[in-house]
Amino acid sequence: MSDSPVTRGPLLRGVVLSGTGGVWRVRAQDGTEHDVSLRGRLKQDGFEKLAVGDDVDIAEDMRGGAWSITRIHPRRTLLARRAPGGARGERVVAANVDQVVIVFAIAKPEPHVRMIDRFLVIAEGNEIPARLVLNKVELGDPAAVDALAANYERAGYPVHRTSVKQPQGLDALRDVLVNRVTALTGPSGVGKSSLINALYPGLSLRVGEISESVNKGRHTTVGAVLVPLPDGGYVVDTPGLREVGMWGLPSESLDHCFPEFRPVLGECRFQDCAHLAEPGCAVRAGVERGTISAERHESYAKLLMELRESERAY
């Protein structure tokens, strides 16, 4: 799957930072950046499948100086919409993502628990580890912050309590970004830009203000841009994640996207238990024991209803 004419220069390994209109920005391992295109067999076989975060080989045409991609390396992970039946969907967010970091504010705006759970389901559905950041903790009551965090820590998620103004929790958050590809997401106004700029003062990252021009058509990235971090690693801004992630996930797979449910999923009386009102449900028994958050179970029930309605409409 390579196209390597003798007039082409040495191959460079790099990562796709962004792309629109068939032109992709690639950062090579030597730190140089190049505008590249897909040519030859790659363009015929996989042009629409290229995504932000893809590891690629690029080379310069020694005749005209233009750069092109000669190989797309196998992906470790893919953050994408899933089609019915668990198949990969047609809209890719980013490739080779190591973790999803979900940012919500304690106040201004108030955290929406159902939306937090929706983002976490998106990460679980794509089999990518997730972390939750509770930002602007200086605006909330410490007991309320701890109560919210406890529901997710009990489920197994790392929770970061952060404040740019105090500051608080910034060093610990920076440590988990180093040398990883992180999809950064969350609703507007929660302080994603302020957080990243506090961690990396010279970066001036305008999170969430990426052009929507790359959203058109099939098999395109959903407004994602890969931003190199000064001390290693990348942040993927993912403005389209909420729209693409959960829909198409089979409703019968939703319970597996709640990690605190997994230890008891085989213990329900009925094999097809939906964990709503069935007798002998091990998940609801966990809620009664307090090992599973009642709020998380309520989120599951509401998301399940949404998925079922989506399936009926489909």
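The values are calculated or read from the model by the stated rules, or taken from the named source; none is laboratory data. This is a predicted model, so every value here is computed, not measured. Neighbour counts run over all protein chains shown; Cβ positions are idealised from the backbone, glycine included.
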Residues (surrounded by fewer than 21 Cβ atoms within 10 Å (Cβ to Cβ) and over 14 Å from the mean Cα position of the chain (by Cα)) located in region 174-192:
174, 175, 176, 178, 179, 188, 189
Of the residues 288, 298, only one is at pLDDT 95 or above and loosely packed, with under 13 Cβ neighbours inside 10 Å; which?
288
Top-ranked residue of region 220-254 - restricted to ones that are touching a strand residue (DSSP E or B) at 6+ places or on another chain (Cβ under 6 Å), surrounded by fewer than 24 Cβ atoms within 10 Å (Cβ to Cβ) and within 30 Å of residue 312 (Cα to Cα), ranked as modelled with the lowest pLDDT:
244
Please indicate, with yes or no, whether at least one residue in region 128-148 is closer than 27 Å to residue 251 by Cβ, surrounded by 15 or more Cβ atoms within 10 Å (Cβ to Cβ), assigned by TED's automatic domain parsing to the domain that holds residue 183 and among the polar types (S, T, N, Q).
no
From 30, 45, 61, 3, residue being at negative phi and modelled with pLDDT of 90 or more:
30
Every residue in region 124-148 that is touching a Ser or Thr at 6+ places or on another chain (Cβ under 9 Å) and more than 15 Å from residue 168 (Cβ to Cβ), please.
125, 126, 127, 128, 131
